[in-house]
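The values are calculated or read from the model by the stated rules, or taken from the named source; none is laboratory data. Just so you know, these numbers come straight off a predicted model, no measurement behind them. No Cβ is skipped: glycine too gets one built from the backbone with ideal geometry, and neighbour counts run over all protein chains shown. Accessible surface is based on the protein model in full, side chains and every heavy atom, while ligands, DNA and RNA are left aside. Shrake-Rupley method; radii C 1.70, N 1.55, O 1.52, S 1.80 Å.
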Amino acid sequence: DTSTVFTLDVSNFDTSKVTDMRHMFYDTGYNSTIFTLDVSNFDTSNVTNMSGMFRNTGRNSTLFTLDVSSFDTSKVTNMSMMFNGTGHSNPTFTLDVSNFDTSNVIDVDYMFYQTGYNSTKLNTSITIRNPNTTKYNYMFSEVATKEGSQITVNYTSQTSDLVDAMIATKSANSNVFKGVQVD
(Lines give C-alpha, C1' and ligand atoms only; values in the text may rest on other atoms or scores of the structure.)
Protein backbone atom coordinates (compact mmCIF):
# COMPACT_ATOMS: atom_id res chain seq x y z
CA ASP A 1 0.00 0.00 0.00
CA THR A 2 1.34 3.46 -0.85
CA SER A 3 -1.31 5.67 0.79
CA THR A 4 -0.35 8.16 3.46
CA VAL A 5 -2.58 6.65 6.14
CA PHE A 6 -3.26 2.92 6.10
CA THR A 7 -5.22 0.84 8.60
CA LEU A 8 -5.62 -2.91 8.37
CA ASP A 9 -8.30 -4.27 10.69
CA VAL A 10 -7.61 -7.90 11.48
CA SER A 11 -8.69 -7.61 15.11
CA ASN A 12 -11.54 -10.12 14.70
CA PHE A 13 -9.63 -12.77 12.77
CA ASP A 14 -10.05 -16.27 14.20
CA THR A 15 -6.53 -17.64 13.96
CA SER A 16 -6.94 -20.46 16.47
CA LYS A 17 -6.42 -23.19 13.85
CA VAL A 18 -3.75 -21.47 11.77
CA THR A 19 -0.41 -23.27 11.64
CA ASP A 20 1.43 -21.21 9.00
CA MET A 21 1.62 -17.39 9.13
CA ARG A 22 4.61 -17.19 6.82
CA HIS A 23 4.75 -13.82 4.99
CA MET A 24 1.28 -12.92 6.30
CA PHE A 25 1.93 -9.15 6.45
CA TYR A 26 5.00 -9.00 4.20
CA ASP A 27 5.34 -5.42 2.83
CA THR A 28 1.99 -4.36 4.35
CA GLY A 29 1.95 -0.59 4.88
CA TYR A 30 5.46 -0.41 3.41
CA ASN A 31 5.26 3.27 2.34
CA SER A 32 2.41 4.46 4.55
CA THR A 33 3.31 7.42 6.75
CA ILE A 34 0.87 6.34 9.46
CA PHE A 35 0.18 2.63 9.67
CA THR A 36 -2.09 0.76 12.06
CA LEU A 37 -2.09 -3.02 12.50
CA ASP A 38 -3.62 -4.64 15.56
CA VAL A 39 -2.64 -8.30 16.01
CA SER A 40 -2.84 -8.26 19.81
CA ASN A 41 -5.82 -10.68 19.81
CA PHE A 42 -4.25 -13.24 17.49
CA ASP A 43 -4.32 -16.81 18.79
CA THR A 44 -0.96 -18.18 17.64
CA SER A 45 -0.95 -21.29 19.82
CA ASN A 46 -0.88 -23.65 16.81
CA VAL A 47 1.47 -21.70 14.57
CA THR A 48 4.72 -23.42 13.62
CA ASN A 49 5.96 -21.04 10.91
CA MET A 50 6.23 -17.25 11.35
CA SER A 51 8.95 -16.77 8.74
CA GLY A 52 8.77 -13.27 7.26
CA MET A 53 5.44 -12.67 9.01
CA PHE A 54 6.09 -8.95 9.50
CA ARG A 55 8.91 -8.54 6.99
CA ASN A 56 9.05 -4.88 5.88
CA THR A 57 5.71 -4.21 7.57
CA GLY A 58 5.44 -0.46 8.12
CA ARG A 59 8.98 -0.13 6.80
CA ASN A 60 8.81 3.55 5.87
CA SER A 61 6.11 4.52 8.36
CA THR A 62 7.04 7.22 10.84
CA LEU A 63 4.14 6.26 13.09
CA PHE A 64 3.65 2.52 13.55
CA THR A 65 3.28 0.20 16.51
CA LEU A 66 3.26 -3.57 16.62
CA ASP A 67 2.10 -5.44 19.70
CA VAL A 68 3.13 -9.10 19.65
CA SER A 69 3.68 -9.33 23.41
CA SER A 70 0.85 -11.85 23.87
CA PHE A 71 1.87 -14.16 21.01
CA ASP A 72 2.11 -17.85 21.96
CA THR A 73 5.20 -19.02 20.09
CA SER A 74 5.62 -22.35 21.89
CA LYS A 75 5.17 -24.41 18.68
CA VAL A 76 7.06 -22.12 16.30
CA THR A 77 10.09 -23.67 14.61
CA ASN A 78 10.78 -20.94 12.02
CA MET A 79 11.13 -17.24 12.87
CA SER A 80 13.52 -16.39 10.04
CA MET A 81 13.04 -12.84 8.74
CA MET A 82 10.05 -12.47 11.08
CA PHE A 83 10.73 -8.77 11.77
CA ASN A 84 13.20 -8.10 8.94
CA GLY A 85 12.85 -4.37 8.12
CA THR A 86 9.76 -3.93 10.33
CA GLY A 87 9.36 -0.31 11.47
CA HIS A 88 12.69 0.55 9.80
CA SER A 89 12.15 4.33 9.47
CA ASN A 90 10.10 4.88 12.62
CA PRO A 91 12.07 6.85 15.24
CA THR A 92 9.83 5.57 18.06
CA PHE A 93 9.26 1.97 16.95
CA THR A 94 9.03 -0.51 19.82
CA LEU A 95 8.82 -4.28 19.85
CA ASP A 96 8.34 -6.51 22.88
CA VAL A 97 9.42 -10.10 22.31
CA SER A 98 10.46 -10.72 25.91
CA ASN A 99 7.70 -13.34 26.38
CA PHE A 100 8.47 -15.29 23.21
CA ASP A 101 8.89 -19.01 23.84
CA THR A 102 11.79 -20.11 21.64
CA SER A 103 11.90 -23.71 22.90
CA ASN A 104 11.24 -25.20 19.45
CA VAL A 105 12.77 -22.56 17.18
CA ILE A 106 15.37 -23.89 14.74
CA ASP A 107 15.64 -20.99 12.24
CA VAL A 108 16.12 -17.32 13.20
CA ASP A 109 18.11 -16.21 10.11
CA TYR A 110 17.68 -12.44 9.62
CA MET A 111 15.00 -12.38 12.35
CA PHE A 112 15.75 -8.80 13.43
CA TYR A 113 17.68 -7.56 10.40
CA GLN A 114 17.05 -3.78 10.13
CA THR A 115 14.12 -3.95 12.57
CA GLY A 116 13.42 -0.44 13.87
CA TYR A 117 16.68 0.66 12.31
CA ASN A 118 16.10 4.38 13.02
CA SER A 119 14.37 3.90 16.37
CA THR A 120 15.70 5.27 19.63
CA LYS A 121 13.01 3.35 21.55
CA LEU A 122 13.55 -0.26 20.43
CA ASN A 123 14.43 -1.87 23.72
CA THR A 124 13.56 -5.52 24.31
CA SER A 125 14.93 -8.87 25.32
CA ILE A 126 14.60 -12.37 23.99
CA THR A 127 15.50 -15.64 25.66
CA ILE A 128 17.05 -18.33 23.50
CA ARG A 129 15.96 -21.71 24.84
CA ASN A 130 16.58 -24.26 22.09
CA PRO A 131 20.18 -25.53 21.98
CA ASN A 132 19.32 -27.10 18.61
CA THR A 133 18.77 -23.77 16.86
CA THR A 134 21.06 -24.09 13.84
CA LYS A 135 20.17 -21.16 11.58
CA TYR A 136 20.96 -17.66 12.87
CA ASN A 137 22.77 -15.88 10.04
CA TYR A 138 22.54 -12.07 10.34
CA MET A 139 20.01 -12.43 13.14
CA PHE A 140 21.11 -9.16 14.77
CA SER A 141 22.57 -7.26 11.82
CA GLU A 142 21.66 -3.57 11.47
CA VAL A 143 19.22 -3.59 14.41
CA ALA A 144 19.03 -1.37 17.51
CA THR A 145 21.50 0.96 15.86
CA LYS A 146 20.48 4.22 17.53
CA GLU A 147 21.41 5.37 21.01
CA GLY A 148 18.59 4.36 23.35
CA SER A 149 17.88 1.12 21.52
CA GLN A 150 19.05 -2.25 22.71
CA ILE A 151 18.28 -5.94 22.43
CA THR A 152 19.31 -8.13 25.34
CA VAL A 153 19.67 -11.85 24.63
CA ASN A 154 19.13 -14.09 27.63
CA TYR A 155 20.07 -17.76 27.66
CA THR A 156 19.82 -21.07 29.46
CA SER A 157 22.69 -23.20 30.72
CA GLN A 158 22.45 -25.13 27.43
CA THR A 159 22.34 -22.11 25.10
CA SER A 160 25.09 -19.83 26.43
CA ASP A 161 27.58 -20.66 23.65
CA LEU A 162 24.82 -20.52 21.03
CA VAL A 163 23.84 -17.01 22.18
CA ASP A 164 27.49 -15.94 21.88
CA ALA A 165 27.46 -17.20 18.27
CA MET A 166 24.15 -15.44 17.56
CA ILE A 167 25.39 -12.14 18.95
CA ALA A 168 28.51 -12.51 16.81
CA THR A 169 26.21 -12.04 13.78
CA LYS A 170 25.48 -8.46 14.82
CA SER A 171 26.89 -5.57 12.85
CA ALA A 172 29.28 -3.16 14.58
CA ASN A 173 26.49 -0.56 14.95
CA SER A 174 23.96 -2.95 16.56
CA ASN A 175 23.34 -2.58 20.29
CA VAL A 176 22.83 -6.26 21.05
CA PHE A 177 24.17 -7.68 24.29
CA LYS A 178 24.23 -10.95 26.18
CA GLY A 179 21.91 -10.85 29.15
CA VAL A 180 21.52 -13.31 31.99
CA GLN A 181 21.09 -17.03 32.41
CA VAL A 182 17.42 -17.68 33.12
CA ASP A 183 17.55 -21.35 34.17
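Quick notes on this one:
- Solvent-accessible heavy-atom area per residue, rounded to whole Å², over the stretch 1-97 at 1.4 Å: 42
- Solvent exposure of the stretch 103-183, expressed per residue, is 45 Å² of accessible area, with all protein chains present and a 1.4 angstrom probe.
- Point-to-point label distance, residue 134-residue 120, nm (Cα→Cβ direction, 7 Å offset): 4.4
- Taken over the stretch 1-97, the alpha-carbon convex hull comes to 75 cubic angstrom per residue.
- Kirkwood Rh, Cα atoms: Rg over Rh of the chain: 0.95
- Cα→Cβ-extended label distance, 7 Å offset, between residue 12 and residue 31, nm: 3.2
- Model label sites at residue 171 and residue 99, defined 7 Å from Cα along the beta-carbon direction, differ in position by 3.1 nm.
- Near residue 129, once Lys and Arg are set to +1 and Asp and Glu to -1 for all other residues with Cβ below 10 Å from its Cβ, the sum equals -2.
- Mean separation of Cα contacts under 8 Å, 6 or more apart, over the residue count of the stretch 115-183: relative contact order %: 38
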